[in-house]
Structures are given as C-alpha cells and as structure tokens.
Protein chains: 2
Amino acid sequence: MAELKENVLMEKIVSLCKRRGFIYQSSEIYGGINGFWDYGPLGAELKRNVKELWWNTMTRQRDDVAGLEATIIMAPAIWKASGHVDTFSDPMVDCKTCKGRFRADQTNEIPCPQKPSKTVAECDGEKTAPRAFNLMFQTYVGPVQDASAIAYLRPETAQAIFVQFKNVLETSRQKVPFGIGQIGKAFRNEVTPRNYTFRSREFEQMELEFFIKPDEVVEAISGAVATPATKGHPGEPQPAWGWQLWHQYWVEERIKFYENIGLPRTTLEEYWQKPEELAHYARACVDILFKFPFGTQELEGIAARSDFDLSQHERFSGKPMGVFDEELRTAWAKLPKEKQDDLWRRYYENRKKYLVKMGVAEESAAKDATEDANGLAKGQYIPHVIEPSAGVDRLILALIANAYSEVTETDDKGKAATRVTLKFHPRVAPIKVGVMPLLKNKPDLVRTALEVRDRLRPWMNVFYDDAGSIGRRYARQDEAGTPFCVTIDFDTLGEKPELKDTVTVRHRDGGKQERLPIGELLGWLQARIR
Amino acid sequence: MAELKENVLMEKIVSLCKRRGFIYQSSEIYGGINGFWDYGPLGAELKRNVKELWWNTMTRQRDDVAGLEATIIMAPAIWKASGHVDTFSDPMVDCKTCKGRFRADQTNEIPCPQKPSKTVAECDGEKTAPRAFNLMFQTYVGPVQDASAIAYLRPETAQAIFVQFKNVLETSRQKVPFGIGQIGKAFRNEVTPRNYTFRSREFEQMELEFFIKPDEVVEAISGAVATPATKGHPGEPQPAWGWQLWHQYWVEERIKFYENIGLPRTTLEEYWQKPEELAHYARACVDILFKFPFGTQELEGIAARSDFDLSQHERFSGKPMGVFDEELRTAWAKLPKEKQDDLWRRYYENRKKYLVKMGVAEESAAKDATEDANGLAKGQYIPHVIEPSAGVDRLILALIANAYSEVTETDDKGKAATRVTLKFHPRVAPIKVGVMPLLKNKPDLVRTALEVRDRLRPWMNVFYDDAGSIGRRYARQDEAGTPFCVTIDFDTLGEKPELKDTVTVRHRDGGKQERLPIGELLGWLQARIR
C-alpha cells in the first residue's frame, strides 16, 4: 500500500481495521496475497448488514424486482457474447531482460525490478510490443485441461442475470418493467490492485438489471413517452416513462439508499458520463462517487444499456430473449398507419444500428432488423435495461471512512490520548448495543445484565462486556461503532427504588445518557436501528 | 441426471424447482455447464433464510463464536499445509484411443464414448495407469502465468478460519474455548457431479471451527476431564469438558438446528464413523445424514480434528499458532510434580505422534514435542478443534424434498388433478405471507390489500397477488411453500359491520381459515415465522 503512505487518515483507517477485526490481509501468516482481503468479525457483520439492506430495499420491499443467485463459473460462451473474452484486457509489455510483465500505460511510473532508480520505460531491458492481457481469471472445468474445458471466474455478476432473464420471467410472474437483483462475488485479475480494499482482485457486487420497454413500445401503448422534460411527471414509476425517466429514477433511488445507510449527500457526487466516455452500447451512465481519503472515486455506476445485453445473448445462444406483451399487440392494432410506420421505422433503425455495430453485414442486418420490427405488431420486443451496479467492498470502505472520527484529549497529568469513534448509522453498525454490568464481581448485576442480553439478542447483534472500567468499555464500543450501550447498575437492582428495573442507555454520538425501563428497551432500540 | 430417471419423486422435485423458480441449470440457454446450478427468485430467498438462520444461531446468538468472511482465492501454500495439494485427488485413467479421461474406480460403470454398449473397462482402447487428478480448480494470479502464480479456488471454507485464527483471537476478545464461523462458496472439480444439486462443482458451506483446550490443559486447570461417562454433566458447556463432550455437544446442537428449520428427527440419521473410516487426524467424526429420495446421504460432518490444523499451519507458515492461557500457567504451578509429569508426558506423546506421522524424523520430532510440552508450564498450548461443517445446497435440497407433498383430487367431471404443496417451516419459507384482494376490479379491496401489504412488508417477505380466482392464488402459494395467505374481502370493508377491518388468514397446512383484525396481523405472523 505504498501509494497510501502520504495519506495519514487512510493509514489510521487501515490500522484500525486490522486492530479491531474489520479487515485482515488474506493469507497474512503466509505473507499475504496481493489484492485479496478478508473480513474479520466486525467487518463480516458490517458487510452482512449492508448486503441485507440492499437486498431488502431492492428486492423484498418491491413487487417489481425478483432475486437471483447464480454461479461464479458459467458457460464460457457467455463471456464471448458479453465481449469480455475479446476486450476485457489491459495492454502489457514484457521485459526480455528481467522477465517482468508491466502495464504498457504505466511503464513511466513503475520502477525497474533490477534497477529501482529507473522506471521500466527508462531501463535498458528490451520490451515486447504491448499485448492484450485478459483480466478474467481462467480455469479448467472437468478432468481434461484442453481448450474446450476453459472457463472463467465471472468478472461481474450482471451476465448471469441476462442469461437467466427468460427463466425468471417465466417462473416469477413478473412483467416488464421489472428487475432482477443479485449479490455475489466477482473476480478481476487486476495488474495493480490498489487503495486498500477499493480495487481488489476478489470483490463483491450488488447488481440490479431493471428491464424496461423500449421507447417505441411505450409510445405505442401510452400514446407518448414521458421524459425528464415532460411537465408534472410524478416521482413514482408510470407506464408512460421512457428510458430516461427510468434511468433518472434509479439514480435517485440509489442516492437515497446511500443516504439511508449513513452517507450524507455532501460526501457523494453524481457524475454524468460525457457522450465520448460512454461504453458503445450505453445511452447514458451516471457514476455515484464518494469522497474517499485517497480521492473522489466511484461507488456505483448506473447505466442505461439499451437492449444490447439481451440482444447479444439472443445472437450467441440462438435462444429468443424477447418478450410478448398483450397490451402492445392490442394497442398496435388500434394505431393509425402513419404512427405504426413511424414507430416501426425507429425500432428498425435502432436494431439495425446495433447489428451493424456488432459486425453483422449491412444486408443481413437490414433483414434481421425488419424481422425484429415486424414483431411489434405481434406484441414482441427485446427489453432495454437500466443497471445500477454497486461494489460492496468499496461501500464498506466508504462507510468506515465516513464514520471515522477521533478526539485527542489531554488528562490531568498532561498526557494526550486519542480516542476513535466509528459513527456508523445504527442500520449498518456491526454491533447494535453493548450490554454491561457495572461491576463484574456482583452476581446480581451480572445476572440482570445477562437477562437483558438474552432479551435483546434474538432481535439484534448484542455484545456483552464485563471487563474493565465502564469508561473503557464505552470506548471499546465507540471504536467498534456501536451506537448504544446499556449499563446495569445498583439502581437497576433497586438501590433507588424509583429507578428499579431501569438501565442507563448511553449514546455513542454525543455521549448523552438516559434512563429507561428494561421493559421498554427492546422497542426503544428497534425503533432506532431499523 | 440419468441416474435419477428411476426416481419419480426426484423427477417431480427437479421439475417443480425449475417451474417455480427455485433452481435453474446454470447457463441453460448455452446448453448448461455440468455441475453448476443457479437459484431463481424463490430459491435465492430460501437459501438466504437458511444462511441467515445458521449465522444467527451459530454466531450472533452466542458470546463464544465470532464471524469471518475470507476470500475464495488464498495463498497456495495454505493448500500445501492442509494436504489438499498432495492428496485431494481422484485416480484417473486416460484412454489412448478415444482420448477420454475416466475415474479409475468407475471404468466398470462408465460406457465407452465410442462403443456405448461396452464399458470403458471392456473396450479395446489402451488405458494409461491411474494417475492422481487434483480436484481443486487451478488458476493464475497476476499477469504472468508461471508456477509461482498458481492459485486455487478453495475446496473448503475451513482453512481460511485456521489461517486467520490468531488475527481473530487477538482482535475479538475471545478466549478458548471459542469458535469462528464462516459461510461461503467452495469449489471442487468433481469428475462426476451427480444427484441434482447434491454434488456440484460450485457449492456453499457453513462451517464452524470451535477451538477447545486439549484434555491435558483441561485436566491441569479443572483437576479432571469430564467425559460422556462422567455422571451428571449438564447440557451446557462447562470448563471441565474434554473434547468428547464438546464433540457430543455440537452434534446435539446441530441436530437441534435441523429440527428447528423443519427437518423432523425421523428424517435424520446420525452416523458415527468407525475408527478405520476416520481421516488420519480425526479422533471422531459424526455424519448427520438426511433421507434423500436417492438415498440416505450426508448433510453435515462434525469432526473432532485434534490440533492437526493449527499445527500444520504453524509448521508451514513458521508463525506460532498457540495461545497463552494465564489460568493454565497459574494452575500448572500449583500441581504436584507427579501430575505435571503425567500431563507433560501425555501432551508430549500426542505432539510427537503427530509430528512423526507428518514425516518429521524421530529425533527432530522428540525435540519439537519436548519444546511444545514445556510450553504448558508457561501457559502455552495449541488448541484442538471441533468442526461442524454443513453444505448449504444439499440442505436446500433436503428442505425441498422434505417439504414436497402432493394430493390428487378428482373433480365433478372425473378429471384428476394433482396439487403440490411445499410444507416448509415458516422460518425458512421464501415467502411468509400472500396478500390478496378478493377481487382485482374493486378499488377499495385493492387499496386495502395494498395497505396490508405495506404494513407487513418491512418485516417479512410478502407476495401480493390479485390475478385469478382465490383458489388458484392459494394453490400458487401452496406450491411456493408460503405458510399463510391473507385475503381482503367485502367484510373487511364493513359489509358485515362486526367484521370491519378484519381479514381472512388461511393456513397452508390443513387449509384452516380464521378471521383476524388487521391491527393484530403483524404480531400474529411474527410470532409464527420466527
């Protein structure tokens, strides 16, 4: 992590993450493995909370999204169709002297392994011409290691969703517009993993592919397509929405999600990619960026991918990926001839443009596009896609960076001590509440504290702690990001009769303490951690 | 899935799983990929519920277990230490005629690809001698594909826990006895994946490694080791428990878990491996078996693995994997000399036996074992491990097989129809409640039904359905395994004033219907789905 040396905050975060069991280097006792990170007890809880909140928000809480959990290794033809086999690569040069392999666009930065005072570009070693190095991890499936057995670890979770689109459509009773959400691991053999867990070789994604009607279909059914320029379009999805409004809707939903788990709007930036930056199939793409200590970087990309993905899989698999829509068929039959011709022509042009771009010969493309456009009258079309695609690991890092807070206090003897607090939103905090008897050696305090623990535990992650002074125990929970601590003291046992069966609840943020009856504790906490 | 053809129940399950979106073949539109399966919307929910219940039961609800989430690709030296590089293999023969590769122990069963009327053993093709084929998927990390870049997809999640044992110990405030739990994907390049999802190449594990004191340490501290023969040992963990009681404890805990998620005790079998069946490092192993339609097969193995794993990683990484225990140091100092000698000798013998078995020369082994046994007086030892290791995918299959139930009814016209119900325990059911307006075209019914849906949805997975007759909607939910359906009818709206704001709750099992006030619905359901 040499590139972080200058960044003091980042160093503190890395150190805290190791010390408190959020993140460890993978395989650390064997010297580690570059680009791979493990989550310790607190990190695993934080990550589970974030994934659970995404899954709830994006699938369970919506009628119009279904979930999927597909395999990491899939048929290799998928990566041919997606373009990953041919184009998912970095240009690399080999040095014939030191046998090293380097990113061609980084030879001016990377020091020569044999003469570190010079860069690879400056050293005497003879270099090969740049060659494409594919970033997919490759393996063999089955007992014979030949070309037919090659398979890849998925470099993204999205393709599994496209490939299973028809299965989900047919078995889930969804109708376009609807989405399929998935959370899972993906792998990229990055040449230079960097920025701690931000760019690693094994990572986790939370992706939604939201399938919508092409604008021509919306127009055929609704008479006109609502766009961001349309006055008075409400915030909730409407049948007349075209792809632009759907795209904008998902950008807003995703920003709301980040705000809901504790990233203030001011820490986020919205970046609308310029036309020349867009992938060839994309009509628009918005990056949601977070102000990391090492720079403002992408948390999530929300792309309008047209009908590129389903079309590619239709061509490569030979299986129809279109849908049938009775409403379209009925509406089409009622349209005036000029309208039909206009919509037909626009749909045809889009399809033909796509096919020609994919290398299909002009004549063939015209023929296929004609067939596609003729489908409209039969109620058939290929859905378009809006894709909000988020990285779990970089979100975890953003949450930790955003939560990090420290205060240096000087005691009576003039000794300075720095106290760290992780100000996680209670929704994502790994531990929701610390439960503590005031003293460890008073059986009545311990027994009552254990009762309180057992009352809360079925509903939330509780940490029971009886070791050390109360102040030190609070400090330990502050560092773990625990929003509340509950202390059982002699008043709980009835020393002051009016306080019997009440406990002290101490707030991590601000340190406020209040007294609550044990019976109200669960409801009080539940209202604050959800 | 030729081997299942004879099994009618299994065929029905496979068909239902596809039809209702529990399980699809991975990459199906590309002809599939042998040994890989995807979970559709209902399957993904079922799997999430099972994993969440394991995580809650095994980590969050316990003070003595911490969680971990490690990478799938780890340093390759780990698999050298674990023995997987050298011994995790099947013997294979190659046929020089057809170029096929076959499991050496299955040539009598597998038909010859060129003359299917004969088996591979019978055909004329010349075969090579059997050679070891490693079951780990291999890949390369980094840009250069040479021997130093070889890495493996983990064939089990357990090793990551051993490798991070010290990190977790030092950052989680746990003390032996304690456990580390992990859920995650693992990969085995099975030569013959079979029995649907039961034996697949990509699968998920839920593993606990529970670290305990060696019996000699227990004896030093507690004076004696409690064993299953000790009278009056209670069911809850005690300091005097030796490895046998801990092993038995976890067997019982795990069986309770399966019963709690709906597998009756009668569908399970406990199989205590015979001494000659045990892995060389294991002192005991119990398999928990489930009566699958294709035979009684393993769901989980609970092994007492001695101190083998931590010892191996200590030897291979050169990093100390032992712990320091103040209680042991204090207790040791107070022991009579004969007791010290006796415990020292037993600890020494165990350590030496392990080292010699691992190929360490007699003299070296004696020296190292002496050093290890000398550690006792300083409060140092290497913990032993009890490992309850469960497969998620086979558990999902067991839950579906156990839940499957069908009734064939003949209607007035003599037409027979078969209705399927999946009788999942509400805890694991993918959908907890179906919410239905009696009629779709009555706005008041729909509005109230949507209100009920929105009231329940933050707390559980709800399926809203307004299409078709109520009977058909119930049948669809029965097939999905939904335990309860709620119907909003005219009485809800006040047609019978005494029933205003009440709904019909219909039970999947038995079909009983009862009337409940909307205000009580959430609490009523929550009490039944947890």
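The values are calculated or read from the model by the stated rules, or taken from the named source; none is laboratory data. Quick caveat, the model's predicted, so the values are computed rather than measured. Every residue, glycine among them, receives a Cβ derived from its backbone with ideal geometry; neighbour counts consider all protein chains shown. The protein model used for the area step is the full one, side chains on, heavy atoms only, and it has no ligands, DNA or RNA in it. Shrake-Rupley method; radii C 1.70, N 1.55, O 1.52, S 1.80 Å.
Results, tabulated for the structure shown:
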{"read-out": "In Å², nearest 10: area of A:Glu520 left accessible to a 1.4 Å probe", "value": "100"}
{"read-out": "Cubic angstrom per residue, convex hull over Cα atoms of the protein assembly as shown", "value": "245"}
{"read-out": "Candidate residues B:Tyr404, A:Tyr258: accessible-area rank, largest first, probe 1.4 Å", "value": "B:Tyr404, A:Tyr258"}
{"read-out": "Inter-chain Cβ neighbour average for residues A:16-23, partner chain, 10 Å", "value": "3"}
{"read-out": "Region B:213-280: C-alpha pair distances exceeding 13 Å, %", "value": "70"}
{"read-out": "Residue and distance (whole Å) for the chain A Cβ nearest the axis that superposes A on B", "value": "A:Thr139, 2"}
{"read-out": "Pairwise centroid distance, computed over Cα atoms, of region A:405-464 with region A:316-395, Å", "value": "58"}
{"read-out": "Calculated SAXS-style log₁₀ I(q)/I(0) at q = 0.24, 0.26, 0.29 Å⁻¹ - region B:192-234, Debye, Cα scatterers", "value": "-0.93, -1.01, -1.05"}
{"read-out": "Length added when fully stretched, B:Ala121-B:Ala149, from 0.36 nm per residue minus Cα-Cα", "value": "6.3 nm"}
{"read-out": "Chain lengthening between A:Asn108 and A:Lys378 when straightened (0.36 nm per residue, less Cα-Cα)", "value": "91.4 nm"}
{"read-out": "Rounded to the nearest 10 Å², the accessible area of A:Leu42 at probe 1.4 Å", "value": "20"}
{"read-out": "Once the Cα gyration tensor of region B:363-516 is diagonalised, semi-axes √(5λ) in Å", "value": "55, 22, 11"}
{"read-out": "B:Glu269 accessible area, assembled protein chains, probe 1.4 Å, Å²", "value": "80"}
{"read-out": "Principal axis dimensions, largest first and in whole angstrom, of chain A by Cα", "value": "89, 70, 49"}
{"read-out": "Net charge, A:Lys500 excluded, C-beta distance under 13 Å - Lys, Arg +1, Asp, Glu -1", "value": "-4"}
{"read-out": "Carbon and sulfur %, accessible surface of region B:433-530 computed with the full protein complex present, 1.4 Å", "value": "52"}
{"read-out": "Cβ-defined net charge surrounding B:Tyr152, 12 Å radius [Lys, Arg +1; Asp, Glu -1]", "value": "+2"}
{"read-out": "Backbone HN-Hα couplings from phi across region B:417-426 [Karplus 6.51/-1.76/1.60, Hz, Gly and Pro as x]", "value": "9, 9, 10, 9, 10, 9, 8, 5, 4, x"}
{"read-out": "Packing-based order for A:367-380, A:426-439, using average beta carbon neighbours within 10 Å, highest first", "value": "A:426-439, A:367-380"}
{"read-out": "With every protein chain in place, region B:305-350: carbon and sulfur % of accessible area (1.4 Å)", "value": "53"}
{"read-out": "FRET efficiency for A:Asp63 and B:Lys231, using Cβ-Cβ distance with R0 set to 56 Å, rounded to 0.05", "value": "0.40"}
{"read-out": "Total accessible area lost when B and A pair, probe 1.4 Å, Å² to nearest 100", "value": "7600"}
{"read-out": "Neighbourhood charge, 14 Å Cβ-Cβ cut-off, centred on A:Thr370 and excluding it, Lys, Arg +1 and Asp, Glu -1", "value": "0"}
{"read-out": "Too-long pairs where the Cα-Cα distance tops 27 Å, listed order kept, from B:Lys185/B:Lys256; A:Lys166/A:Lys256; B:Lys231/B:Lys378", "value": "A:Lys166/A:Lys256; B:Lys231/B:Lys378"}
{"read-out": "Kirkwood Rh, angstrom, region A:440-530 [1 / mean 1/r, Cα pairs]", "value": "13.5"}
{"read-out": "Cβ-vector label at 7 Å, A:Lys175, separations to other copies in nm", "value": "6.4"}
{"read-out": "Placed amide H near B:Arg131: partners under 5 Å, 5+ positions off or other chain", "value": "B:Met92, B:Val93"}
{"read-out": "Diffusion constant of region B:242-356 at 10 °C, which comes from Stokes-Einstein with the Kirkwood Cα-pair radius and 1.306 mPa s, µm²/s", "value": "92"}
{"read-out": "Shape box of region B:254-299 [Cα atoms, principal axes, largest first, Å]", "value": "34, 24, 12"}
{"read-out": "Carbon + sulfur, % of accessible area of region B:86-225 - ligands and nucleic acids excluded, 1.4 Å", "value": "46"}
{"read-out": "Shortest-first distances to equivalent copies, position B:Lys353, nm, label 7 Å out along Cβ", "value": "7.6"}
{"read-out": "Computed [θ] at 222 nm, deg cm²/dmol, the protein assembly as shown (DSSP H ≥ 4; -39,500 (n - 2.57); rounded to nearest 500)", "value": "-10000 deg cm²/dmol"}
{"read-out": "Residue-averaged beta-carbon neighbours from other chains (10 angstrom radius) around A:134-145", "value": "6"}
{"read-out": "For region B:172-248, the fraction of alpha-carbon pairs in successive 10 Å shells from zero, as %", "value": "16, 32, 20, 20, 11, 0"}
{"read-out": "Volume per residue of the C-alpha convex hull in region B:332-427, rounded to whole Å³", "value": "200"}
{"read-out": "Protein-protein interface of region A:146-176, residues with accessible area decrease of at least 40 Å², isolated chain reference, 1.4 Å probe", "value": "A:Val163, A:Gln164, A:Asn167, A:Thr171, A:Arg173"}
{"read-out": "Cubic angstrom per residue, convex hull over Cα atoms of region A:67-177", "value": "160"}
{"read-out": "Relative contact order for region A:89-218, counting Cα pairs under 8 Å that sit 6 or more residues apart, in percent", "value": "19"}
